[in-house]
Amino acid sequence: MQHAAIRIIGIDPGLRTTGWGVIETSGVRIAYVASGAVRSSDKKPLAERLCELHVGLAAVISAHGPLEAAVEETFVNRDPQSALKLGQARGIALAVPALTGLKVAEYAANLIKKTVSGSGHAEKAQIALMVQALLPGSGAQSSDAADALAVAITHARMRLWARQLDAIAGSR
């Protein structure tokens, strides 16, 4: 059965650097499209930094035309002030694709690591190596971009598994 190709953007939220990665998937096949990071200046007030992230992510979505988005759920930091700022950046990462009409999924960091590397406690370097292995042509990525690609890969796998479960349930 032939599946239509779908473009997915994965987003790894951060206030200083928000990683993004776009893949295209059709059935079990996944292919690298593009990746990078949107940065905000830590010399600017918080509102302007959030605006920089918003504008940057909106430009990426406009340029690459994904149909679905996936965002990493952030690890809660011990420092409440840092956790709050990260939460605000995560709000931008969720809102920007939603504002463009994309369906947005969220995945826990351990699930992303397990899906991409087989271990829920994999190190960043292991994730980056697996992303390069799964997406030939993606090249050397910043850790933020590699993490975002891992989020997109996880979403592609979850979509595929859900479709397979639906097919099994439908055949009963």
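A short reminder: the numbers here are calculations on the coordinates, not readings from a lab. All of these numbers come straight from a predicted model, not from anything done at the bench. Cβ coordinates were reconstructed from backbone atoms using ideal geometry, including for glycine residues, and neighbour counts include every protein chain displayed.
Checking the condition among the small types (Gly, Ala, Ser), touching a helix residue (DSSP H, G or I) at 6+ places or on another chain (Cβ under 7 Å) and over 16 Å from Ala98 (Cα atoms), which residue from Ser40, Ser26 passes?
On inspection, the qualifying residue turns out to be Ser40.
Yes or no: Arg49 surrounded by 21 or more Cβ atoms within 10 Å (Cβ to Cβ) and charged (D, E, K, R)?
Yes, satisfied.
Taking Gly137 as the residue in question, decide whether it is on the phi > 0 side of the Ramachandran plot, in a loop (DSSP other than H, G, I, E, B) and surrounded by fewer than 20 Cβ atoms within 10 Å (Cβ to Cβ).
Judged against the criteria, Gly137 is a match.
Please indicate, with yes or no, whether at least one residue in the range 55-68 is surrounded by fewer than 18 Cβ atoms within 10 Å (Cβ to Cβ), of a type in the set (A, V, I, L, M, F, W, C) and in a loop (DSSP other than H, G, I, E, B).
The answer is yes; a qualifying residue exists.
Select from the range 69-80 the residues that are within 15 Å of the chain's Cα centre (by Cα) and either exposed (fewer than 13 other Cβ atoms within 10 Å of the Cβ) or not hydrophobic (A, V, I, L, M, F, W, C) (or both) and list them in ascending order.
Hits for the range 69-80 are Glu72, Glu73, Thr74, Phe75.
Failed condition for Met130, given (1) in contact (Cβ under 8 Å) with a residue 60 or more places away in the chain; (2) over 23 Å from Cys51 (Cα atoms); (3) crowded, with 17+ Cβ neighbours inside 10 Å, with all others met?
(1)
Among all residue pairs at least 6 apart or on different chains, which show Cβ distances below 6 Å where the first residue, located in the range 83-108, is surrounded by 14 or more Cβ atoms within 10 Å (Cβ to Cβ) and the second is part of a helix (DSSP H, G or I) and not hydrophobic (A, V, I, L, M, F, W, C)?
Partner pairs satisfying both residue conditions: Ile92/His54; Val96/His54; Val104/Pro97; Ala105/His155; Tyr107/Thr154.
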